[in-house]
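A.B. asks: Could you have a look at this structure, given as structure tokens, before my questions?
Derivation of every value follows stated rules applied to the coordinates shown; laboratory data play no part. Values in this document were obtained by computation on a predicted structure and should not be read as measured data. Don't worry about glycine lacking a Cβ; one is built from the backbone with ideal geometry, like all the others, and counts go over all protein chains shown.
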Amino acid sequence: MVRICSLAWIILMVVGGPLWAAEPVLIGALLCTTGQEAAELGQKGLDGIRTAHKMQPTVLGRPVELKFADTKSDKAEAANAVARLLDKDKVAVVIGDMISSTSIAASAVAEGKGIPMVSPTATNPNVTAGRKFVFRVCFIDPLQGHVGAGIAKETLKANTAALIYDIAQDYCVGLAKFFEDSFTKGGGKIVAKAYYKSGDRDFRAQLSSIKAANPDLIYAPIYSTSCALVAKQAKELGIKAPILAGDALHTQEFVELGGKDVEGILFTDHFHKNMIHNELGKKFLAQYTKDVGKELEDSYTAMGADAYFLVLDAITRAGSTDPKKIRDAIVATKNFDGISGKLSMNPDGNPSKSMVINKVQDGKFVYVKTVEP
Amino acid sequence: MSPSHATETTSHTRDRFLSLTALAVLGVFLWFAHNYLSGYVIRILNTIAIYIIVAVSYNLINGVTGQFSLQPNAFLAIGAYVTAILALSPEEKVQSFIIEPMIWPLSKICLHFPVSLAIGGLFTTLIAFLMAVPVFRVRGDYLAIVTLGFGEVLQVLANNLVPITNGPLGLKGLHPYTTLWWSWGLCIMTVFCVVRLVNSSYGRAMKAVREDERAAEAMGINAFWTKTLAFTVSAFFQGVAGGLLAHLITTISPGMFGFMLTFNLLTIIVVGGLGSTTGAILSAAIIVLLGEGLRTFEEPFTLFGHYFQGVAGMRMVIFSLLLIVVMLFADRGIMGREEFSWRKLIDWARSLAGGARRGRK
Amino acid sequence: MDYSFILQQIVFGLTLGCLYSLVAIGYTMVYGVLRLINFAHGDLLMVSAYLAFYGIVIFHLPWPVGFGLAIALTAVLGILIDRGAYKPIRRSPRISALITAIGVSFLLENLALVVIGARPKAFPEPAVFVGVLETGTLRIPYMSFWVLGVTAVLLAAVLVVVRRTRIGMAMRALSRDMETVRLMGIDIDRVISFTFVLGSALAAAGGIMWCLRDPPLDPFLGVMPGLKAFVAAVLGGIGSVTGAALGGLLLGLSEVLIVAVKPEWSGFKDAVAFSLLITILLTRPTGIVGEELPD
């Protein structure tokens, strides 16, 4: 009896041992899942990371364990949360945040500790500027502003534009500026600028001053909830000018809140489910539908997953969980085939990647075209 | 020399000896923490020290002098901004100011951390002095509302003086200067100064104003100057704490210094016992630790074999419930107006020991 | 800057001001009776909006029933908050009550966050509230008429209750001297509960109209209007119902006009409210309409 037991024990140790002994690879997910601004983006990013984790739960033969931290869309909270992920949970790499302001605050901390950080959708150039350990899987705002200005001039035939944006968000301020630069360089004119601060809901006074300037177009580089309100209140005021926006609209909440007032809004974006071309993307869609019980309707879920897949790919190529080696592997990424398209990392931490133009039509997001940079 | 005087002198020597020993123990612990503990623990220790500085100095005006003032968010903001602007490197300033460039002399300045910290504290004191003249014309709830209003106006200014503060985007890339030595050194200094002040004749004047302002004035105390003294002293330490906080978190924005911050600090001093410096210290440490400890409820955890996915916001639900319960059952806070003293501790330890001995018989 | 532009902004300002007023009245009444700044008051806005949302979207109630039920339940919640959190410490230092109020406010917000989640929800928009009246260049949303009308009716009702009924008289007496009122044999707790019912119901009505106007619903919905309403209450002279109403209107008008007329100053709109507040308190410490308070 004793012999049988000990034999069974030895077999268990030999077979199960490596699995048993495998220490998990810790990956931090730093996301704005609560807070007044952009909570829906953070939650979708989290859905994406979780779904991707289900599809690929191991790397280097070791299980991946996700450590989650909430930034509440607040800069100070983001700096604290990322410090906690690095110091307490000792993660090897951080994925996050979805929005720029918190990513900028967190990137300084991650850089200081020499831990790589990959943002799914923070597009402000300051997130990666001057940093060796900070990356993203999305395009940056100077490019987005440029493409936006192109659409304004060519597709929407606008010669004059008005800006409305949130001055408390780095993303909004940055993108508004890049659009303005590009639009005026192309001969356009900004006839009105109106702004508000995160948490405001009544934009009627701002929109009235825009209406008085009578622009051909309103450029609104703002988050989805506010943009839905801007669209509603603009209709209420009888503003006929079309609205063009940035990559922060593609959420179910936007069409739910905006209803028919957001019909026809065009925006630059990262992704649309109809452009999925590879096996990874199809599997991801199936897994998501299975887990969540409905079809994928936004871009942040896919971008969160792409950040996760890129990190795992880099860890595999590095063959180690040493932060420096992971960092070098991320920089060396060439033609990574993610859900949202092919991506090659540049030394500055920003990838070369295509951009998508989407549109709201009949309460759904419709793919318009892909723009190559 | 009378016998009672002799015991007083010996107990005084004993207290001084015990205090110095306690300081030495704290020093050894900080040295140990600095060298061997994780960055996470160090960060919490730093936060505790900063909160103690603010709580002790806030208690001076709100508890000891009895003026219901809601200003600490404003003073922390001034201290944080002044220190950060002076200590930030010119390159970082160029990169941060994307809406408008920073105005000239400020954009080139880059001072040492201690110098900027001192200027931050002094500047806050100056603002407090200027504020005191109009503010102390009103009392009670109106004082609270006026000081709250000043905080809000200051926040609006920080949001709009873009060439100085970078507006709502705030300042980033601050060097993490705040070490355990800075935070705890200044914390000990603050406690020392405030305790000395409270026990001096100025402190007695402050308490007299708290108990009955008219009677105090009748006794020849100038109530206005007494309040102003408490206000400016508390402003200096809060300004310094603001600078420390900024260089701990490494990024600041006007939104950080909203009225919620003042509410948190008010909670700390009321839970500690309004008017008790000991209470303020204990309560600051407890609330910071509790805030960190409750985070476990927002992470996935297993309880009785069930797996729970962490729920964001759970921490604050438990915190607010605890807060309400504490207020319902101990409405004067944990310490009331009591203070710590070695004699009480020794008496308490003796009574415990005596109780144990009696219990054994 | 033409005439109709200004008129348009005045309509928007009055609409916003009415919503502030409704919330401010609750603040001011509770303060008058208990000398307590009830910081949880703003969050009742959020609670009522969620109740209405669930009633209509999940239980498919017709909107008048859904709204009525939401208002009633919020009023009940008002009493529960008073009985559970404020009554036990009525004899404690006032600052303890204040901290408790802050605790209740955090509790409501974060409970909503935990139970409902942070994703914003779309508030239902019954057809009667949707639409815009166009006259020349002036465009007035139907919602503005609703807000103005409902506020006027509710304000009139409150004034009648406070000035003409026995319970209103008891409320006013209570704000002068609680002990004497107790000696007169009046059930103080009943009067206080009634004050909470009235204040909470007004906040609930305000919350529902707030969301009908600008539909996203989130757990922190009540924070901003709550703070603004508090300012309005103090501006008007805390303790006075008409003062709170006037303060709300003044605040709403000044916020809208400053942004519309001088868009480059829009960042300063909150400062205007608070500077006004500080100036009024320092020169006329009792507010626009108001009486001297004890220290």
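A.B. asks: Looking at the protein assembly as shown only, what percent of DSSP beta bridges run antiparallel? Nearest 5 please. All intermediate terms of the calculation are to be shown ahead of the outcome.
C.D. replies: Details: 28 of 59 bridges.
Looking only at bridges with both residues in the protein assembly as shown, the antiparallel portion is about 45 percent.
A.B. asks: Ok, one more. Counting trypsin sites (Lys or Arg not before Pro) as exposed when in a DSSP loop with at most 11 other beta carbons within 10 Å, what is the longest stretch of chain A free of them? Don't jump to the answer; show the numbers that get you there.
C.D. replies: Working: sites that count: A:Lys157, A:Lys240, A:Lys294, A:Lys334.
Between the exposed loop sites, the longest stretch runs A:1-156.
A.B. asks: Order by neighbour count: C:Val132, C:Val23, fewest other Cβ atoms within 10 Å first, most last.
C.D. replies: Details: C:Val132 14, C:Val23 32.
Lowest count first: C:Val132, C:Val23.
A.B. asks: Can you run the Rg to Rh ratio on region B:252-299? Use alpha carbon positions and the Kirkwood inverse-distance Rh.
C.D. replies: 1.06
A.B. asks: Round to the nearest 10 and give me the degree value, 0 to 90, for the angle of helix C:63-81's Cα axis relative to the longest principal axis of chain C.
C.D. replies: Value to nearest ten degrees: 30.
A.B. asks: Any idea what diffusion coefficient region C:97-244 gets from Stokes-Einstein, in µm²/s, Kirkwood Rh on alpha carbon pairs, 37 °C, 0.692 mPa s? Each step should come with its number before you reach the end.
C.D. replies: On the way: Rh = 18.1 Å.
Translational D for this selection: 181 µm²/s.
A.B. asks: Which value at 222 nm does the protein assembly as shown reach when only helices count, each DSSP H run of 4 or more adding -39,500 (n - 2.57), with the total divided by all residues and rounded to the nearest 500 deg cm²/dmol?
C.D. replies: Details: 39 runs with 630 residues, N = 1029.
Calculated mean residue ellipticity at 222 nm is -20500 deg cm²/dmol.
A.B. asks: Let me ask you something else. Is any helix in chain B, taking whole DSSP H runs, at least 18 angstrom long along its axis by alpha carbon and on average at least 1.6 on the Kyte-Doolittle scale, and which ones?
C.D. replies: Values: long enough: B:3-36 (49 Å, 0.11); B:39-59 (30 Å, 1.41); B:72-87 (22 Å, 1.57); B:113-135 (33 Å, 2.01); B:140-160 (31 Å, 0.86); B:180-199 (28 Å, 1.49); B:223-249 (38 Å, 1.21); B:259-272 (20 Å, 2.21); B:277-293 (24 Å, 1.62); B:314-329 (23 Å, 2.67); B:342-360 (27 Å, -0.85).
What comes out of the filter, once short or polar helices are dropped, is B:113-135, B:259-272, B:277-293, B:314-329.
A.B. asks: Okay, next question. Count neighbours as other Cβ atoms within 10 Å of each site's Cβ, and list the chymotrypsin sites (Phe, Trp or Tyr not before Pro) in region A:53-139 that are DSSP loop with at most 10 such neighbours. Could you put the intermediate results ahead of the total?
C.D. replies: Details: sites: A:Phe68, A:Phe133, A:Phe135, A:Phe139; in loops: A:Phe133, A:Phe139.
Passing sites in region A:53-139 do not exist.
A.B. asks: Which three lengths, in whole Å and largest first, does chain B cover when its Cα atoms are put on their principal axes?
C.D. replies: Sorted largest first, the three principal extents are 76, 68, 39 Å.
A.B. asks: What does the C-alpha gyration tensor say about the overall shape of chain C? Classify as rounded when a/c is under 1.5, otherwise prolate if a/b is larger than b/c, or oblate.
C.D. replies: It comes out oblate by the Cα gyration axes.
A.B. asks: Name the residues whose placed amide hydrogens come within less than 5 Å of the amide hydrogen of C:Gly237, ignoring near sequence neighbours (fewer than 5 apart) on the same chain.
C.D. replies: C:Ile288, C:Val289
A.B. asks: Same structure again: Write out the chymotrypsin sites (Phe, Trp or Tyr not before Pro) in region B:187-259 meeting two conditions: DSSP loop, and at most 14 other Cβ atoms within 10 Å of their Cβ. Please list the in-between numbers first.
C.D. replies: Details: sites: B:Phe192, B:Tyr202, B:Phe224, B:Trp225, B:Phe231, B:Phe236, B:Phe237, B:Phe257, B:Phe259; in loops: none.
Filter output for region B:187-259: empty list.
A.B. asks: Within 10 Å of each Cβ in A:33-43, how many Cβ atoms from other chains are there, averaged over the peptide?
C.D. replies: Working: counts 7, 14, 5, 8, 1, 1, 9, 5, 1, 3, 4.
The mean count of partner-chain Cβ atoms within 10 Å per residue comes to 5.
A.B. asks: Report the Stokes-Einstein translational diffusion coefficient (µm² s⁻¹, integer) for region A:32-95, Rh taken as the Kirkwood radius over Cα pairs, at 4 °C with viscosity 1.567 mPa s. Don't skip to the end; give the middle numbers.
C.D. replies: Values: Rh = 12.7 Å.
In µm²/s, the coefficient rounds to 102.
A.B. asks: Okay, moving on. By the gyration tensor of its Cα atoms, with a ≥ b ≥ c the square roots of the eigenvalues, what is the shape of chain A: rounded for a/c under 1.5, prolate for a/b over b/c, or oblate? The partial results should precede the final answer.
C.D. replies: Numbers: a/c = 2.24, a/b = 2.06, b/c = 1.09.
Prolate shape, in that a/c is at least 1.5 and a/b is the bigger ratio.
A.B. asks: Here's something else I'd like to know. Relative to the longest principal Cα axis of chain C, at what angle does helix C:223-236 sit, 0 to 90 degrees, rounded to 10?
C.D. replies: The two axes meet at around 70 degrees.
A.B. asks: Among rounded, prolate and oblate, which fits region B:12-123 when a ≥ b ≥ c are the square roots of the eigenvalues of its C-alpha gyration tensor, a/c under 1.5 means rounded, and a/b larger than b/c means prolate?
C.D. replies: Note, shape of region B:12-123 comes out oblate.
A.B. asks: In the neighborhood of B:Gly39, defined by Cβ-to-Cβ distances under 9 Å, what is the net charge if each Lys or Arg adds +1 and each Asp or Glu adds -1?
C.D. replies: Combined, the nearby Lys, Arg, Asp and Glu give +2.
A.B. asks: Taking neighbour counts of Cβ atoms within 10 Å as a proxy for exposure, in what order, fewest first, do C:Trp146, B:Trp181 appear?
C.D. replies: Values: C:Trp146 17, B:Trp181 12.
With the fewest neighbours first, C:Trp146, B:Trp181 line up as B:Trp181, C:Trp146.
A.B. asks: What do you get for the angle between helix A:100-113 and the principal long axis of chain A? Use alpha-carbon atoms, 0 to 90 degrees, nearest ten.
C.D. replies: Approximately 40 degrees, to the nearest ten.
A.B. asks: Give the relative contact order (percent, whole number) for chain B; include only Cα pairs under 8 Å separated by 6+ residues.
C.D. replies: On the way: 502 pairs, mean separation 96.7, N = 361.
27 percent.
A.B. asks: Give the distance, in whole Å, between the Cα centre of region C:173-215 and the Cα centre of region C:234-265.
C.D. replies: Centre-to-centre (Cα) distance: 23 Å.
A.B. asks: With N set to the number of residues, divide the alpha-carbon radius of gyration of the protein assembly as shown by 2.2 N^0.38 Å and report two decimals.
C.D. replies: Details: Rg = 29.8 Å, N = 1029, 2.2 N^0.38 = 30.7 Å.
Cα Rg divided by the expected 2.2 N^0.38 Å: 0.97.
A.B. asks: Can I ask one more? If contacts are Cα pairs under 8 angstrom and at least 6 residues apart, what is the relative contact order of chain A in percent? Please report the intermediate quantities before stating the final value.
C.D. replies: Details: 810 pairs, mean separation 63.2, N = 373.
Normalised by residue count, the contact order of chain A is 17 percent.
A.B. asks: When each pair of different Cα atoms in region A:239-373 is counted once in the 1/r mean, what is the Kirkwood radius in angstroms, to one decimal? Intermediate results must be reported in sequence, preceding the final value.
C.D. replies: Details: mean 1/r = 0.0613 Å⁻¹.
It works out to 16.3 Å.
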